[in-house]
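Have a look at the structure below before the remarks.
The values are calculated or read from the model by the stated rules, or taken from the named source; none is laboratory data. Model, not experiment: these values are computed from the prediction. Quick reminder, even Gly has a Cβ in these numbers, built from the backbone with ideal geometry, and neighbours come from all protein chains shown.
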């Protein structure tokens, strides 16, 4: 009996002394029984606040830090006629009541963040200031939107990648990033279209007319978030937007151009260490019933993360590139662009292009696996969706943009369900409907001589072969 | 001193609008305390693992980070970038994630290790044949030997045999499937971290994946991943400024590896071996060299037993070795002339500063901002124009627990770079005499405070700062660092400028076009 007890004690001691690591059971993440996500998006109606003239603001108090952010989303952009670029330049320069240097000093004095972004059919203005400057910040924000434009309005000195590109006959300003290749691709796709990126150099009068036409209550939605007394901001908004009025601008729709009739390569020579590739075509407006399947499909083939088909083919297995991803950028009141972007050392660029097309062909040819679908649906329904509402600033901006575009919140409310209901057949259908590899344009910016002289690594076409063939 | 008239914006029409609104009450104080108390809660486990939690009740998400106290500082010369490479390899999976049949794959992995040992032996035997002999990286007696080639072929053959067992992407896939966002990893001189933002109810997934990554990483697709680092390095070198800034770092430091660029020479990438990577991994990825940071909808009490489950079994290991290199007392002004036609002409002054944890360090954040308008005024007084910037960046990072530099740069509109340099030196001499505008000091402090608020607003950014301070010094230093910036006054800045902005502690960098003779 005593002997058995000693053995038992020894066994117990041994068990406790054994490193638990030896017994560690690594349950597969699939089998961990992880709980369903409990995330619920804030109710948009609780954040809506009417402004004079029928404008709408989404307002959310967040007292985590003493900052206040104002965002205005304006339903007009570069493609909406003369004066757009001048209007944006005027916004960047500040209100007419001060010089641009004084404006910059004022912003610096508040440690403010200030951004003006202009897309094809929308313009976004964002100002973030410390809460102690909320009154000054709101006054400034209102002055930017409603007051006279600054002296720099219309003095738009921006040029475009297409202006700078001279193909093989001359130098291209190389940005050290994919931006130049993507801009060149968009310039190619929209050469004869209002979305062609033809930045105007308008007179100031055009900028003023643009503002008077488009910065009206029915065409602007505000987002206000941060640490403030709600009543204070309500009252202040009523004061600064008092008397704001204007006719709603007519709805402007920009039809998509025809797809290119064949795949073509557009090569631009730069003396750098890598070649940069943008492949794509325009993306027609996507109906709501197709939206989730398109995003799931892209997530699987090249969704901008580390576990896509493109990443596995080009990066993990071959070590060719740091990135190869797909970007379906939806347009609003017009077409968007669906691009695939990659880059690498000269000797691997033709293989990168070939593998990218191989994966595009594959997603159009065969159903995705159940595991791929499971991962993509979870990533978009539980992960991506939460980013839209990750804080008060993101929430109010998400709802403001949705209201500006759709005058409802049905899309965001149904997003998770729509994603979760996507099937393998839906993914295949989306790939065939929205990817047309034989019509895609290939823009290559890089050291062309080195790329052309690269031998075929896996039997893929050389750059010369690609240029000679028009699909 | 007499300073130029301040902005006239107060006279603008904007003022009327502001006055119109002035009846509105100012905002209520924010939840963040004025003393920068972040509410960090700490638990240190018996095995040395440190757990830091900031509780944000009601937050549906959690920012999760795991920091390891190792980085470029711990690399051997000739292996620059090896720490970063290890981070890449740690995405390649473990014995349970990333394989379709570990039993079969592990046999091949063992043979790969044997083949690599033979390759290393072959390289060592041929050292006199294959080592560089030329100043310009252009000569060796022979590139390779039959023995080396045989070993390389064997490794390639074995890697091909292992390929069918590989399941790429597992260290990301399950995070993504269960709502993870912001998945990334970073390696700098002093730390490596992996991070993800997860739904609060799924935080166990982070613990399961990271505990596995920390103990069971398998180095798959080693040579493919090596080329990804080459690609990243080529991307760096495509920027015209990279060679210049790396040369400036090299001139600024004498012994600390903090000044070494990643991938110092192309050959470094080719030196990486599984054996060396394994040595780094086993030496530094030990539980007592690890800090977990969580910010969001969890509590310390909830996290302690969960962390215990996944990490508690790991035994404490010997403390990993630290870089023992210290910078000698600076004794000479150094000067670098970089002739280049792509970069805008510029003059840069770098001065050595102490690391985070030193009582003087926090004030340099303020001094950098105050120096900018001082130099702008000095340039204007000399009839010169240029864009002025100041930072404390070395290679990729702006703060260290070891000495680094404060860098002030003028992108000069004038061709007379000597005059620009004189104006810059006059300005910093003025700083040392206390010629600092109180309003500019307050503005600098407000800018730093506001930047900090933006960090606090982002749980992922805040978790990084806490973990970063822990690896640089201690996480508690962060609060003191922020408080010291607010408490800095003119006298302290003048003292620092007088002590640190001296010729013996200075590197002057000049960028000029190739066709411009020195002195013109």
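Values computed for the structure shown
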quantity	calculated
Residue B:227 farther than 18 Å from residue B:192 by Cα and within 14 Å of chain A (Cβ to nearest Cβ)	yes
Test: residue B:148 is free of Cβ contacts under 8 Å to residues at least 40 places away in the same chain, buried (at least 19 other Cβ atoms within 10 Å of the Cβ) and either in a strand (DSSP E or B) or more than 13 Å from chain A (Cβ to nearest Cβ) (or both)	yes
Enumeration of residues in the range A:202-231 that are over 30 Å from residue A:79 (Cβ atoms) and either in a helix (DSSP H, G or I) or over 30 Å from the mean Cα position of the chain (by Cα) (or both)	A:229, A:230, A:231
Single residue of the range A:127-147 satisfying the filter (at pLDDT below 90 and at the interface with chain B (Cβ under 9 Å from one of its Cβ atoms)) that is surrounded by the most Cβ atoms within 10 Å (Cβ to Cβ)	A:135
Test: residue B:273 is farther than 16 Å from residue B:84 by Cβ and either without any contact (Cβ under 8 Å) to a residue 12 or more places away in the chain or surrounded by fewer than 20 Cβ atoms within 10 Å (Cβ to Cβ) (or both)	no
Cross-chain or 6+ apart pairs with Cβ under 7 Å, the range A:421-436 first and under 15 Å from residue A:328 (Cβ atoms), then assigned to a loop (DSSP other than H, G, I, E, B)	A:427/A:368; A:436/A:259
Every pair of residues 6+ apart whose Cβ atoms lie under 6 Å, when the first sits in the range B:298-315 and is within 13 Å of another protein chain (Cβ to nearest Cβ) while the second is modelled with pLDDT under 95 and not in a loop (DSSP other than H, G, I, E, B)	B:313/A:20; B:313/A:21
Selection from the range B:464-475 of residues that are more than 14 Å from chain A (Cβ to nearest Cβ) and either within 22 Å of residue B:196 (Cβ to Cβ) or without any contact (Cβ under 8 Å) to a residue 60 or more places away in the chain (or both)	B:464, B:466, B:467, B:468, B:469, B:470, B:471, B:475
Some residue of the range B:378-393 being under 21 Å from the mean Cα position of the chain (by Cα) and either part of a helix (DSSP H, G or I) or over 23 Å from residue B:492 (Cα atoms) (or both)	no
Residue under evaluation residue B:171, criteria (1) under 21 Å from residue B:71 (Cβ atoms); (2) facing chain A (nearest Cβ under 10 Å); (3) surrounded by fewer than 22 Cβ atoms within 10 Å (Cβ to Cβ), criterion not met	(3)
Residues of the range B:76-106 classified as at pLDDT 95 or above and at positive phi, total	2
Only listed residue being surrounded by 18 or more Cβ atoms within 10 Å (Cβ to Cβ), under 30 Å from residue A:70 (Cβ atoms) and either in contact (Cβ under 8 Å) with a residue 24 or more places away in the chain or over 22 Å from the mean Cα position of the chain (by Cα) (or both), chosen from A:331, A:275, A:302	A:331
Residue that is nearest to residue B:376 (Cα to Cα), among those in the range A:101-123 that are more than 14 Å from chain B (Cβ to nearest Cβ) and touching a residue at least 40 places away in the same chain (Cβ under 8 Å)	A:118
Residue A:361 vs. criteria in contact (Cβ under 8 Å) with a residue 12 or more places away in the chain and more than 30 Å from residue A:65 (Cβ to Cβ)	yes
Every residue from the range A:232-283 that is touching a helix residue (DSSP H, G or I) at 6+ places or on another chain (Cβ under 8 Å) and in a helix (DSSP H, G or I)	A:232, A:233, A:236, A:237, A:238, A:239, A:240
Any hit, the range A:26-44, residues being modelled with pLDDT of 95 or more and more than 14 Å from chain B (Cβ to nearest Cβ)	yes
Residue in the range A:64-95 that is nearest to the chain's Cα centre (by Cα), counting only those that are assigned to a loop (DSSP other than H, G, I, E, B), surrounded by fewer than 22 Cβ atoms within 10 Å (Cβ to Cβ) and more than 8 Å from chain B (Cβ to nearest Cβ)	A:81
Check on residue A:400, within 29 Å of residue B:461 (Cβ to Cβ), touching a helix residue (DSSP H, G or I) at 6+ places or on another chain (Cβ under 8 Å) and in a helix (DSSP H, G or I)	no
Selection count, the range A:339-350, where residues are surrounded by fewer than 23 Cβ atoms within 10 Å (Cβ to Cβ) and either part of a helix (DSSP H, G or I) or away from every other protein chain (no Cβ under 14 Å) (or both)	2
Restricting the range A:45-63 to residues that are assigned to a helix (DSSP H, G or I) and at negative phi, the residue that is farthest from the other protein chains (Cβ to nearest Cβ)	A:45
